[in-house]
Amino acid sequence: MEILVLFAVLFLLLALGVPVAFALFGAALAVFAVIDIPLIVAVQRMAAGISIFTLMAIPFFIFAGDLMYRAGIADRLVRVADAAFGRVRGGLGLVDVGASMMFGAVSGSAIASASAIGSTMVPLMDEKGYDRDYSVNVTVTAAVVGLLIPPSHNMIIYAAASGIGVSIGDLFLAGIVPGLLTGFMLMVTAWLVARKRNLPTGTFPGWRAFFRALVYAIPGVMTGVIIMGGILSGIFTATESSAIAVIYTVLVGALVYRSLGLKGFFEAAQKSVRTASMVLFIIAAATAFGFALALLEVPAELAALIGLMTDNPILTLLIINVMLLVLGTFMDMAPLIVICTPIFLPVAMATGVDPVHFGIILMLNLGIGLVTPPVGSVLFVGSAVGNIAIPELVRTIWPFYLTLIAALVLVTFWPDLSLALPRAFPA
Amino acid sequence: MQRISTMLINLAALGLIAMTAVIGWQVFGRFVLDSSPSWSEQTALLLMVWYVFFAAAAGVWERFHIRIEILEHRMQAANVRKLRIAIHALIALLSLAIAVYGGMLAWLVHDNVIPSLGLSRSWAYVPLMLAGALMVLFSLGRIHKRWTEKT
Amino acid sequence: SMRLGDNFTACDTHPLDYPTVQAVVRFGEMLTERSGGKFGLSMYAGGQLGNERDTLEITSFGGIDFNRVNLAPLNSIEPLTTVAALPFIFESTQHMRSTLDGPIGEEILASLEQHNLIGLCFYDSGARSFYNTRGPIRTPEDMKGLKLRVPGSDLFVAMVKSLGADAVPMPLDEVYQSLAQGVIDGAENNWPSFEQGRHFEVARFYSLTRHLLAPEVFVMSKQSWDKLSPEEQAIVRQSAKDSVPIMRQLWDAQVARSQEVIMASGVEVNEVDPAAFTDRMKGMWAEFITTPDQRRLVDAILANRQGG
Ligand code: NA
Ligand code: NA
């Protein structure tokens, strides 16, 4: 009965068009009133929900990503990818995916990746005569790859939400192969779609130009090396690495590329707090909502429900994946990690699934949620960057959705894809 | 309203920059100076709560909070206007709860301290009270704007 | 006043099979039995309702009925609790148990009522000792230059600094990784936490400084308490009291189990002479013991020592 109130109020407020954060908070308030919990607790949970050290990775990586764009790092990564893939039919689509993978490897945020690469690639593709829906489709789906390729603030949040000390180092290593695979699959799709639409072909600029672009990109690419190296050598923790990424980017932008001034720096901070507060405010409200979920024992009941349906690990993962995909369509990634990890991880582990493997499944699955309407922050960024309405955008996105889902199936049912690297390099 | 909103974003941006500096200093202190600052973690957390809620309040005015717009797309313009007024009325109501309970929280814990800072725990809840009040103001401002616009 | 199917709510940050959680579950069974089935208790273990500081606040607001917390979050609320959290104040588990079971313990529990919490009883938290990745700690000199993780508490920071090491405040869930990668050299905790957080896999030296024997505290929300009749309050108090020996038995068994796992893994364990460590605590005791009531309690605890 109380569970019914919780979800009825949530869906009603969401359907009306109340912002997601307020809808979650409103649903929590309604349930607290029904089960006689002081309403003050809901507000306390909101504050507590974002007083968590690991969550700092969200604003930091978003900030770093925006600074990388303004410092010209995104632009230089695009040039490398262009020199490598530009000559293929629809080559800029492949360039887009390749640049997103590289940017994903230096920034920890898919939102930052979509906005940085999108801002660079979409005008370029316009110029060369690409369809706008195509360029934005490629950009947003390729941004999902950045969730898998380390660093990734969402992996840090998952490790914290697991409550069992899942190793962030292992998660980072585990994401590499699935990330490369997903990126490769998206490239194939981008190429096939480009052929079908008869999109333009570029020319190969020659090895000289390729290496030149590579050299210019090195200070930017070093961000990723410094982040991974700093974490693995014990100089800083994964959470701290996000702040280091900001500081390093500022140094590169101001001193090496000399493209980042005080004005650009502050504008990046202004833009980043908007994005970060949007995400963290939802997490705050989701924490109040999560308290109601926990009190009503929804996680346990859901787990029991799945247990009733099957104890087969493959079927369990299938059921969990379908549930997450549905949830991901109307909620954003970070709050879903916070809410769903304590629910689904124990169920998955009970059937013998490795928590690191499950983390990678979760990243890719909820990453798909970032590019599906009605609520998908990366999709929103793509729509804003490309100045194209979401219905128009998603009309032609299905080959890319199918690709991501195919990658999810591979990642789900082939654990070694994720686990081989962390096994080869134990902490 | 716009001026208040812009000021909040600027303050929040300064908060984010300050947080970067604090964590940078934490790494530097531990790794280079062999002396970890004991205040950095709590300071950074406190900064984050303040700037997130300030920027989130500005978001009510700037309307950057994520929401689902399916219903609006299927409505006529006149009804969309009514719906938006209703949405902002709901936001005002929920924000009022944040403001009132945030204030009560700050009051109830004023004797408790934040470890390693020696500050009152109230400082962790005052931003909710302020942001809640600002959200009420901004949502009323939005309602006013819709109300007075020509249909 | 009962919610969720006429049940009280209780929470704990430890997992369901942990001794404190099991003791509270047993407490709930006694409550049901002695109230003739009127009261039930739902346990929310594993931190599902939040961390200790936050759930403690919620308990004081009346949002959770029962809570088991460490002494550390209470230090930020009530100064009297600090005396039992002083490093090296208890010379042994026996000393700690006999002190807290008596009038000193009663006084500390009673001091919580002004903060809207009813202190019901103390549970054991064992002895906390240092573990690290570098080598055995025998004297405070061995700690020089070590980066040791502490919980975000002034008392812990001051203690580790007094011993000459670098105190690194860090959330518990980052410790394993930080030990493995060398961000920190060590941390400190009791046998069960050293084992269950798997920290012993990376920190291979455990030095039995036993610097802290601070207890766990079982509290009730004053709002929920005030709704009970005097007879019902008596049942709650008696059941809590009766859960203490059960908890201690579970605790001792858990310590033995954890010790076995850790020893079997080949961790090097060493005893220390506490005198050299205790000598360095004088300054920090003075820093944290500032009120006459605190001093009186400290003197009473010291007088309660076996050696006198
Ligand atoms: Na990444
Ligand atoms: Na979505």
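The values are calculated or read from the model by the stated rules, or taken from the named source; none is laboratory data. Predicted model only: the values in this text are computed from it and were never measured. All Cβ positions, even for glycine, are placed from backbone atoms using ideal geometry, and neighbour counts span all protein chains on display. These area figures cover heavy atoms from the full protein model, side chains too; ligands, DNA and RNA do not enter into them. Shrake-Rupley method; radii C 1.70, N 1.55, O 1.52, S 1.80 Å.
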Quote the accessible area belonging to C:Phe200 in square angstrom, nearest 10, computed with a 1.4 Å probe and with ligands, DNA and RNA left uncounted.
10
Quick note, region A:130-251: a/c under 1.5 would make it rounded; otherwise a/b > b/c is prolate and the rest oblate (a ≥ b ≥ c, C-alpha gyration tensor); here it is oblate
Per residue, how many Å² of accessible area does chain C show with a 1.4 Å probe?
37
Heavy-atom SASA rank of A:Thr203, A:Thr120 (probe 1.4 Å, accessible area, largest first)
A:Thr203, A:Thr120
May I ask you to give the percent of accessible area on region B:2-148 that is carbon plus sulfur, with a probe radius of 1.4 Å?
68
Can you give the calculated 222 nm mean residue ellipticity of the protein assembly as shown, where each DSSP H run of n ≥ 4 adds -39,500 (n - 2.57) and the sum is split over every residue, rounded to the nearest 500 deg cm²/dmol?
-21500 deg cm²/dmol
When only alpha-carbon atoms count, how far does chain B stretch along each of its three principal axes, as whole angstroms with the largest first?
65, 33, 27
Dividing the convex hull volume of the Cα atoms of the protein assembly as shown by its residue count, what figure in Å³ per residue is obtained?
164
With loop defined by DSSP as not H, G, I, E or B, and exposure as at most 16 other Cβ atoms within 10 Å, which is the longest segment of chain B clear of exposed GluC sites (Glu not before Pro)?
B:70-148
In region A:237-278, which residues give up 50 Å² or more of accessible area once the other protein chains are added, compared with their chain alone (1.4 Å probe)?
A:Thr237, A:Glu240, A:Phe266, A:Val273, A:Arg274, A:Ser277, A:Met278
Distant-in-sequence amide H partners of C:Leu212 (H built 1.01 Å from N, under 5 Å)
C:Phe88, C:Arg128
Using a 1.4 Å probe and counting only protein heavy atoms, arrange A:Ser259, A:Ser167 so the residue with the most accessible area comes first.
A:Ser259, A:Ser167
Percent antiparallel among DSSP beta bridges confined to the protein assembly as shown, rounded to 5, stands at 60
What is the set of long-range amide H partners of C:Leu120 at a cut-off below 5 Å, with H atoms built 1.01 Å from backbone N?
C:Phe218, C:Val219, C:Met220
In degrees, nearest ten, helix C:52-61 long axis to first principal axis of chain C (Cα)
20
Phi to ³J(HN,Hα) by Karplus 6.51 cos²θ - 1.76 cosθ + 1.60 over region A:335-343, Hz, x for Gly, Pro
x, 5, 4, 4, 7, 8, 4, x, 7
Shape of region C:252-308, Cα gyration tensor, a/c cut at 1.5:
prolate
Residues with amide H under 5 Å of C:Cys11's amide H, sequence separation 5 or more or different chain, H placed in the peptide plane at 1.01 Å from N; which?
C:Tyr44, C:Phe66, C:Asn67, C:Arg68
Can you list the residues of region A:40-54 that have at least 40 square angstrom less accessible area with all protein chains present than in their chain by itself, probe 1.4 Å?
A:Ile40, A:Val43, A:Gln44, A:Arg45, A:Ala47, A:Ile50, A:Ser51, A:Phe53
Quotient of Cα Rg and 2.2 N^0.38 Å for chain A, N being how many residues it contains
0.96
Rounded, prolate or oblate for region A:274-419? Axes are the square roots of the Cα gyration tensor eigenvalues, ordered a ≥ b ≥ c, and the cut-off for rounded is a/c under 1.5.
oblate
What is the local net charge at A:Pro335, summed over the other residues whose Cβ is closer than 15 Å to its Cβ (Lys, Arg +1; Asp, Glu -1)?
+1
Find the accessible area per residue for region B:2-148; the probe is 1.4 Å, ligands and nucleic acids are left out, and the unit is Å².
43
The alpha-carbon center of region B:83-151 and that of region B:17-56 are separated, in whole Å, by 25
In Å², nearest 100, what accessible area do chains B and A bury in total when the solvent probe is 1.4 Å?
4700
Going residue by residue through region A:113-129, the Karplus relation 6.51 cos²θ - 1.76 cosθ + 1.60 with θ = phi - 60° gives ³J(HN,Hα) values, rounded to whole Hz and with x marking Gly or Pro, of 5, 4, 6, 6, 5, x, 4, 8, 7, 4, x, 4, 5, 4, 4, 8, x
With a 1.4 Å probe, how much accessible area is buried between chains B and C, both sides summed, in Å² to the nearest hundred?
1600
Report, to the nearest whole %, how much of the accessible area of chain A belongs to carbon and sulfur atoms, 1.4 Å probe, protein only.
69
Give the aspartates and glutamates reachable from C:Lys222 as a straight Cα distance under 15 Å; neighbours fewer than 8 places away on the same chain don't count.
C:Glu57, C:Asp65, C:Glu113, C:Glu232
Please report the accessible area of A:Tyr248 (heavy atoms, 1.4 Å probe, ligands and nucleic acids excluded) in Å², nearest 10.
50
Can you compute 3J(HN,Hα) from phi for each residue in region C:161-178, using the Karplus curve 6.51 cos²θ - 1.76 cosθ + 1.60 with θ = phi - 60°, rounded to whole Hz and x for Gly and Pro?
5, 4, 7, x, 9, 8, 7, 10, x, 7, x, 4, 6, 9, 5, 4, 4, 5
Could you state how much accessible area A:Val279 has, in square angstrom rounded to the nearest 10, with a 1.4 Å probe and all protein chains kept in place?
10
Accessible heavy-atom area order of C:His14, C:His199, B:His110, highest first, probe of 1.4 Å
B:His110, C:His14, C:His199
